[in-house]
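As structure tokens, the structure follows; a few thoughts come after it.
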Amino acid sequence: MNIRAAVIQAASVIMNRDASVEKGVRLIEEAASDGARLILLPEAFVPAYPRGFTFGSPVGSRSNEGRGLWHRYSENSIEVPGPETEKFGRAAKKARAYVAVGVVEKESDTTTLYCSLIYFGPDGKLLGRHRKLKPTAAERVIWGEGDGSTLTVLDTEIGRWGGLICWENYMPMARMAMYGKKIGLYMAPTADQRDAWQSTLRHIAVEGRCFVLGCNQFVTRSMYPNDIECMEEIEKQDEIMCRGGSAIVSPMGEYLAGPLWDEEGILYADLDLSLIEKGRFDFDVTGHYARPDVFKLIVNENPLKAVETE
């Protein structure tokens, strides 16, 4: 079986939930018009990856302006499910494609935000989500930690589909948990623009014998709204704040598309899904190449709540 995959390298409409959703819907339609049946948008596409901000939180203090910026971020984040997921669902159905979108998620019963990846089927249904397990560095100020209940791998007609977000992919046990679910279509949305990230994408492909779709944003300083709180922090940045680096990699670690640098764009690749099983002929990381007599990973997939009632 062959399918056409698309990785969309594009910026959010920064801190604007509705406009970001509408831009995402347009880009899904564009990718589908070129035959894509598997489509990935970047990490935190709705409403933004807040690159360059400290949210007024140097060690030991917080500022009122930073609280205001976080409030704006929260107000433009989305609930899952909710009106915004319905719009993406309709776009997936119109495209007749499997679609994954990076969003900043909020719950109705807490004020905590999560960096999430949400999945839609070609029938428009919300199939699942993954919340980032470990936000990196200053991300921990604004995002909470997901739990093992959203280590999602979906069994679909095009194969076993899931992923991890950004530097979660440097967590060997998180990767192993995904490999243990026989993932074949591995989504890796990120905010990492380093050349070194390309080695990560290719390593995961070879280690997991899976197709890896790496997706980043291309972001410039001029894309930030002028009325945003803490704008003085952005004014200190270079004009190109994130240069991208999206790519599609085969189960043998070969580039099928990209990497794409210094512009928005859509990458396409035709994936021969038989290469997943063929690749595991000589290396099956949780099969014949595992040593369960020596190593064992236990994954807690129970949802964790601070307060439970009986």
- Considering the stretch 145-188 alone, what residues qualify as being outside any strand (DSSP E or B), in contact with a helix residue (DSSP H, G or I) (Cβ under 8 Å, 6 or more places away or on another chain) and β-branched (Val, Ile, Thr)? ILE183
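For the stretch 100-121, which residues satisfy the criterion of being outside any strand (DSSP E or B) and β-branched (Val, Ile, Thr)?
Just the residues of the stretch 100-121 that are outside any strand (DSSP E or B), to begin with: 107-112, 121.
Within the stretch 100-121, THR110, THR111, THR112 qualify.
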- Could you list, in sequence order, the residues of the stretch 52-88 that are over 30 Å from LEU38 (Cβ atoms) and either β-branched (Val, Ile, Thr) or in a loop (DSSP other than H, G, I, E, B) (or both)? GLY52, PHE53, THR54, PHE55, GLY56, SER57, PRO58, VAL59, GLY60, SER61, ARG62, SER63
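Each row is one residue, and each column tells you yes or no for (1) at pLDDT below 95; (2) basic (Lys, Arg); (3) within 14 Å of the chain's Cα centre (by Cα).
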{"site": "ASP155", "(1), (2), (3)": "no, no, no"}
{"site": "ARG160", "(1), (2), (3)": "no, yes, no"}
{"site": "LEU164", "(1), (2), (3)": "no, no, yes"}
{"site": "ILE183", "(1), (2), (3)": "no, no, no"}
{"site": "TRP197", "(1), (2), (3)": "no, no, no"}
{"site": "ILE204", "(1), (2), (3)": "no, no, no"}
- strands (runs of 3 or more DSSP E) within the stretch 217-290 that include 1 or more residues farther than 30 Å from ASN16 by Cα: 240-249, 255-261, 265-272
- Members of the stretch 241-277 that are surrounded by fewer than 18 Cβ atoms within 10 Å (Cβ to Cβ) and among the polar types (S, T, N, Q): SER274
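Just to be sure before I move on: is GLY124 outside any strand (DSSP E or B), at positive phi and of a type in the set (Gly, Ala, Ser) in the structure I sent?
Values: outside any strand (DSSP E or B): yes; at positive phi: yes; of a type in the set (Gly, Ala, Ser): yes.
For GLY124, the condition - outside any strand (DSSP E or B), at positive phi and of a type in the set (Gly, Ala, Ser) - is met.
Would you point out which residue out of ALA91, ALA6 is within 17 Å of PHE120 (Cβ to Cβ), in contact (Cβ under 8 Å) with a residue 60 or more places away in the chain, within 19 Å of the chain's Cα centre (by Cα) and in a helix (DSSP H, G or I)?
Working: ALA6 fails: in a helix (DSSP H, G or I).
From the options ALA91, ALA6, the qualifying one is ALA91.
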- Would you check if there is a residue in the stretch 40-51 being modelled with pLDDT of 95 or more and not in a loop (DSSP other than H, G, I, E, B)? yes
- Query: What are the residues in the stretch 199-229 that are closer than 25 Å to ARG129 by Cα, surrounded by fewer than 24 Cβ atoms within 10 Å (Cβ to Cβ) and not hydrophobic (A, V, I, L, M, F, W, C), if any?
  - Reply: THR200, ARG202, HIS203, GLU207
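The values are calculated or read from the model by the stated rules, or taken from the named source; none is laboratory data. Being a predicted model, the structure only gives us computed values, none of them experimental. We place every Cβ from the backbone using ideal geometry, glycine too, and count neighbours over all the protein chains shown.
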